[in-house]
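To start, the structure itself, in structure tokens.
The values are calculated or read from the model by the stated rules, or taken from the named source; none is laboratory data. Small disclaimer: the values here were computed from a predicted structure and weren't measured. Note: ideal-geometry Cβ built from the backbone for every residue, glycine included; neighbour counts use all protein chains shown. Only protein heavy atoms, including side chains, enter the accessible area calculation; ligands, DNA and RNA are left aside. Shrake-Rupley method; radii C 1.70, N 1.55, O 1.52, S 1.80 Å.
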Amino acid sequence: MDSWLEAHTDHSLSFSSESPPPIQWIEGWGRIGVWGKELHSTELEPASAGAALFRGLGRSYGDSSLPAGAGDVVVNTTFADRILGFDEKHLIVLAEAGCSLRELNRVFLPRGFFVPVTPGTQFVTLGGMVASDVHGKDHHVHGTIGRHVLSLRMRVADGRVLRCSREEHPDLFLATLGGMGLTGHILEVEMRMRRVPSPWIRQYSRRVDDIDEFLEALAQAAKRWPYTVGWIDCLTRGRHMGRGILLAGDWASPDEAPSSFPKPKKKINISFDFPSFILGPHTVAAFNHLYYWRHLPRERFCLTHWEDFFYPLDAIGGWNRMYGKRGFTQYQCVLPAAAGPEAPRRVLEILTKHGGASFLCVIKDCGPEGEGVLSFPMEGVSIALDIPIRGDTQELIDTLNEEVLREGGRIYLTKDRFTRREHFVEMEKRRLPRFQEIRQKWDPELRIRSAQSVRLFGDPMPSPKKADGFAFRK
Amino acid sequence: MREPRSVVLLGGTSGIGRALARKLAERGDRIVLFGRKPEELERSVQDLRVRGASKAAWVECDLRKPESFASSFDEAQKVLGFFDTVIVTAARFATQEQLERDRELLYELLTVNFTHTVLFCEEAKNRLLARGGGTLCVLSSVAGERGRKPVVFYGATKAGLSRYLEGLDHRFRQEGLRVITIKPGFVKTPMTAGLKPPPFAAEADEVAELILFAIDWGIPVLYVPLVWAPIMSVIRRLPRFVMRRFNF
Ligand SMILES: Cc1cc2nc3c(=O)[nH]c(=O)nc-3n(C[C@H](O)[C@H](O)[C@H](O)COP(=O)(O)OP(=O)(O)OC[C@H]3O[C@@H](n4cnc5c(N)ncnc54)[C@H](O)[C@@H]3O)c2cc1C
Ligand SMILES: NC(=O)c1ccc[n+]([C@@H]2O[C@H](COP(=O)([O-])OP(=O)(O)OC[C@H]3O[C@@H](n4cnc5c(N)ncnc54)[C@H](OP(=O)(O)O)[C@@H]3O)[C@@H](O)[C@H]2O)c1
């Protein structure tokens, strides 16, 4: 282990550019970061040799995309963004891992094609989508993105570059779907797109009074709509705990949609940190109230812009800075259907007890578990909470995790920064051994690792003497 | 309707050139990419095809080898039939410290960014003039406007290049050659990836949009993004004793 580190620290790394990148501060979307070396490269194949980790647009909230130590090199893929082919007949697209979802949408939606599955932001890369095996509002019908991925071109730890799929190296392929970049570096992704009838969305929304009604409403909507999701106001307690808005939609048919292509949405940018009082409980309570009561009629149908429907948060660039310098985290868990309809209520209760710990919660019913060895979704209810960092954040996450453990649920790694190893191992006791076995086979020395894998998977910490920088905050 | 252009683009595999090539492809222009890495060129051409290029191909051309320029242009002529627009976004960059340490690298940067770029433009100019004119668009830099501590050599090559392009424009505009000098400020591309973005750092995409505008309207000099025009007009007037104090 040590000799490998010796050989791969600093100058000895085989970089495509003349000199190794300097040590810099690298952050996840929740704005908690570490010191490390980030190499931006247009050519992933040479850049990946000797790299400890890959990262894309850094939209994972926690430490999944952060290097394990200041000596580790993480390759940023965003300059490797070419689309290498599109087979219109079979809807198969081949692209470099750094290609963003935004670019795919810009190129393909005007021609009537859309990605098979989309997360709630366009600012993600293909590689990041595969590594997190992302799900969307349509999980109950289309599953995760992994279901639509045909093959991957990868650099594995022993230096080989190879293609994997359900036929070739299936163990590597399936462990990479949702494997958080720990099985190897994804260079190219081949996946099947979807044809859509128009670029407009037919939207249905309705006001929901409490959590029980919400679960029922989601289940009903899932029967009629391919896209469903719920927004819950987390500041309301008591009888109306879990009130919010249910959103559902489908692509409009050509005869109900306007004939024009929807104009790209304007974006505003936040380029400074908000002082912490702006996003306090009072301002947010007021906002949530407004959001809820703006929806005066109980039910509403309308035609909407696809960007408004799928990516409401993208309208504000750098919205993560609204949480100020201390940053925030997201907590996302899925509770199995078997745990019953009371389980989500118990999780919300923990939250409201912590008084204003989170403002907004996104709730979604998931379909069956996919093929990815460590993918997040399972049949049940997923709950996602944005949590501003406070003194009691660790304690809150611990309490939530203990509850999730009791319910037989699990957490989403791409959002996580605070879960304790023992909780994670317990949640994943069925799947983790298989994942680690595959990792052992492809990477016995654990050369590929992240800050998260050291924290949760028990990977050895890179020895500090090799790190030529201190891990203090800027 | 605008006639589609037939474009030779040197440096289109990366950064500003990549963004520009995509815009040209998406609006239906015909393109031949020049560059030195066959595999990279092939991948970029694939990308342009998916985006709807009516014609996209590549030809090998290395700015370190001026003897290859003529045959590269011959090849482009064969592929495209003719070309009316030549764009140069290729150049080298290295930090001042690297260049002070490494003589070979310094020599390469000086020749590639100035001498060989000029020779390349001469070859392009002759061919464009032979068919009655055309557009030659070259990326220089705001770094060429004043001598500055972090870009002593790089700035010097860009200063020389800007002057050459200015002279070329004066001498041949009458004959139908439109020479366009682009002076970008800091742009977030692979060239600047290790550096900390200063204020007004731009995206390659917005810069490419402006370059396209300059090409279509024949604007002889354009600062991109536009805010660099007023900034540079101040910086050009600063007395030397002030410039000497700055570390940027
Ligand atoms: C506003 C918002 C909404 C979101 N909504 C959803 C949602 O609805 N559903 C959902 O599933 N997720 C959602 N996410 C999470 C997001 O989709 C994932 O975190 C995704 O992985 C981010 O992609 P990225 O390119 O930013 O990857 P990064 O954050 O840079 O990296 C994420 C992980 O992928 C790995 N990785 C990235 N590229 C590669 C590669 N080329 N090879 C190997 N490993 C790689 C990294 O090592 C890391 O482990 C949301 C995030 C935000 C900010
Ligand atoms: N980015 C900025 O902030 C900035 C600011 C001011 C001016 N500029 C200027 O703008 C232009 C484009 O910059 P960029 O940021 O887009 O740079 P970039 O991403 O580094 O791209 C440079 C391109 O030049 C090519 N190139 C380099 N050496 C070559 C050679 N010997 N022969 C052939 N091609 C060669 C590269 O191809 P290879 O893959 O073969 O190397 C690459 O395609 C340059 O002239 C630069 O000086 C940039």
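Quick notes on this structure:
- Residues of region A:37-79 satisfying the condition of being in contact (Cβ under 8 Å) with a residue 40 or more places away in the chain, more than 9 Å from ligand 1 (Cβ to nearest atom) and of a type in the set (V, I, T): A:V73
- Which numbered condition B:D84 fails, given (1) over 20 Å from B:G17 (Cα atoms); (2) among the acidic types (D, E); (3) more than 14 Å from chain A (Cβ to nearest Cβ): (1)
- Residue in region A:113-127 that is within 16 Å of ligand 2 (Cβ to nearest atom), within 14 Å of chain B (Cβ to nearest Cβ) and surrounded by fewer than 22 Cβ atoms within 10 Å (Cβ to Cβ) present: no
- Within region A:65-81, restricting attention to residues that are within 16 Å of ligand 2 (Cβ to nearest atom) and closer than 24 Å to A:L446 by Cα, the residue that is nearest to the other protein chains (Cβ to nearest Cβ) is A:N76.
- Among (1) open to solvent by less than 70 Å² (accessible area, probe 1.4 Å); (2) touching a residue at least 60 places away in the same chain (Cβ under 8 Å); (3) closer than 22 Å to A:R237 by Cα - the single one A:G327 does not satisfy: (3)
- Considering region A:155-171, and only residues there that are closer than 21 Å to A:P46 by Cα and not in a loop (DSSP other than H, G, I, E, B), the residue that is farthest from ligand 2 (Cβ to nearest atom) turns out to be A:C164.
- When residues of region B:21-50 are limited to those that are open to solvent by 10 Å² or more (accessible area, probe 1.4 Å) and part of a loop (DSSP other than H, G, I, E, B), the one nearest to the other protein chains (Cβ to nearest Cβ): B:K37
- The set of residues in region B:52-64 that are open to solvent by 10 Å² or more (accessible area, probe 1.4 Å) and part of a loop (DSSP other than H, G, I, E, B) comprises B:G52, B:A53, B:S54, B:D62, B:L63, B:R64.
- Test: residue in region A:288-306 that is open to solvent by 20 Å² or more (accessible area, probe 1.4 Å), touching a helix residue (DSSP H, G or I) at 6+ places or on another chain (Cβ under 6 Å) and touching a residue at least 60 places away in the same chain (Cβ under 8 Å): no
- Residue ID - nearest to A:I389 (Cα to Cα), chosen from residues in region A:32-47 that are more than 14 Å from chain B (Cβ to nearest Cβ) and out of contact with any Phe, Trp or Tyr (no Cβ under 7 Å at 6 or more places or on another chain): A:I32
- Inside region A:93-112, residues that are at the interface with another protein chain (Cβ under 10 Å from one of its Cβ atoms) and of a type in the set (S, T, Y) make up a count of 0.
- Residue identified as more than 16 Å from ligand 1 (Cβ to nearest atom), in a strand (DSSP E or B) and not aromatic (F, W, Y) among B:K158, B:K183: B:K183
- Flag if B:R43 is under 19 Å from A:S41 (Cβ atoms), over 15 Å from the mean Cα position of the chain (by Cα) and modelled with pLDDT of 95 or more: yes
- When region A:189-207 is filtered for residues that are open to solvent by 30 Å² or more (accessible area, probe 1.4 Å), assigned to a strand (DSSP E or B) and under 25 Å from A:D87 (Cα atoms), the ones remaining, listed by number, are A:E190, A:R192, A:R194, A:R195, A:W200.
- Residues that are among the small types (G, A, S) and within 13 Å of ligand 2 (Cβ to nearest atom) were ranked within region B:161-189; the one that is nearest to the other protein chains (Cβ to nearest Cβ) is B:G185.
- Any hit, region B:9-20, residues being more than 23 Å from A:E96 (Cα to Cα) and in a helix (DSSP H, G or I): no
- Which numbered condition B:L226 misses (of (1) open to solvent by 40 Å² or more (accessible area, probe 1.4 Å); (2) away from chain A (no Cβ under 14 Å); (3) in a helix (DSSP H, G or I)): (3)
- Candidate set: region B:51-80, residues that are over 27 Å from B:E108 (Cα atoms) and of a type in the set (D, E, K, R); chosen: the one farthest from the other protein chains (Cβ to nearest Cβ): B:K78
- From the options B:F213, B:F248, B:F241, residue that is away from chain A (no Cβ under 14 Å), open to solvent by 40 Å² or more (accessible area, probe 1.4 Å), closer than 23 Å to B:L136 by Cβ and more than 16 Å from ligand 1 (Cβ to nearest atom): B:F213
- Criterion applied to A:E371, A:E402 was being more than 16 Å from ligand 1 (Cβ to nearest atom) and surrounded by fewer than 22 Cβ atoms within 10 Å (Cβ to Cβ), and the one residue passing it is A:E402.
- Of the helices (runs of 4 or more DSSP H) lying entirely inside region A:402-461, the ones with 1 or more residues being β-branched (V, I, T) and in contact (Cβ under 8 Å) with a residue 60 or more places away in the chain are found at A:432-442, A:451-456.
- Screening A:V141 on (1) open to solvent by 30 Å² or more (accessible area, probe 1.4 Å); (2) touching a strand residue (DSSP E or B) at 6+ places or on another chain (Cβ under 7 Å); (3) of a type in the set (A, V, I, L, M) shows it passes everything except condition (2).
- Residue match in region A:82-92 (condition: within 12 Å of ligand 1 (Cβ to nearest atom), within 14 Å of chain B (Cβ to nearest Cβ) and closer than 21 Å to A:F173 by Cβ): no
- A Cβ distance below 9 Å, combined with a sequence gap of six or more or placement on separate chains, defines the contacts here; from region A:101-130, residues that are without any contact (Cβ under 8 Å) to a residue 12 or more places away in the chain and farther than 21 Å from A:F54 by Cβ reach no residue that is open to solvent by less than 10 Å² (accessible area, probe 1.4 Å) and not in a loop (DSSP other than H, G, I, E, B).
- Failed condition for B:A76, given (1) in contact (Cβ under 8 Å) with a residue 60 or more places away in the chain; (2) near ligand 2 (Cβ under 10 Å from one of its atoms): (2)
- Test: residue in region B:167-176 that is touching a Cys at 6+ places or on another chain (Cβ under 8 Å), away from ligand 1 (no atom under 16 Å from the Cβ), in contact (Cβ under 8 Å) with a residue 40 or more places away in the chain and in a helix (DSSP H, G or I): yes
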